[in-house]
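Following: one structure in structure tokens, then a few remarks.
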Amino acid sequence: MEPLAPAAIRAAGAVTKAALNRYRPVGVARVGSAEDRAQSYRRFLDAIAHVIDTQILYFYRRRDAEAPLGRRQRRLRAQLVELRDEAWRNYTQAQHEVHAALLGIRLCAPIPVLATAENLIEALPRFYQPGTHVTLAEENFLSTHDECAEVKASFLEAARHDLAYNPRFWQLLRKWRERKYREQAARQ
């Protein structure tokens, strides 16, 4: 019976190892892992950048299409309206991407990162005054974009903190290099 026991243990170990490896694929991010969170943060930031770009394009296309033109420029007006409608479709598609990316963050992000992500959604600039359909003036529109950039920077810092990208207190050399780099960048 003794020669059979080691063989049975090896077989049981092989079966257990195969079962565990089946549920731990190499190179695949696990839900809630740092890789998964980083992926969802990147997707969210890409979607935010895309929605802001498409919104700026729509704002200017809408302004150009509503500009008064002479009677003989019907063909130009038709082209401007077509460009405005295409920009609107791109903008709405980008909004869908942002909300889908936010769902990914809600799935795996901790509360502080989720709160800053939702603040960023609230801070997204609108091309109209809230509660009306009146288009904002260009200066107001651009100032809301500047405010959104500040909120986006706070989301990025919260994500960096969550993923532990900032140097730890014991990493003195890394902190020193980072400080020198920031000082050099400030001088330029």
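Since every read-out is calculated from the coordinates, none of them should be taken as a lab result. All values reported here derive from a predicted model rather than from experimental measurement. Methodologically, a virtual Cβ is constructed for each residue, glycine included, from the backbone with ideal geometry; neighbour enumeration extends over all protein chains shown.
Based on the mean of other beta carbon atoms within 10 Å per residue, what is the order of 51-58, 138-145, 178-185, most packed first?
In descending order of packing, they fall as 51-58, 138-145, 178-185.
Where does each of 103-109, 148-154 land if you order them by average Cβ count within 10 Å, highest first?
Descending mean neighbour count gives 103-109, 148-154.
Using only alpha-carbon positions, what ratio does the radius of gyration of the range 29-187 give when scaled by 2.2 N^0.38 Å?
It is 1.34.
Can you give the local net charge around ASP46? Use residues other than it whose beta-carbon is closer than 13 angstrom to its beta-carbon, Lys and Arg +1, Asp and Glu -1.
My count for the surroundings of ASP46 gives +1.
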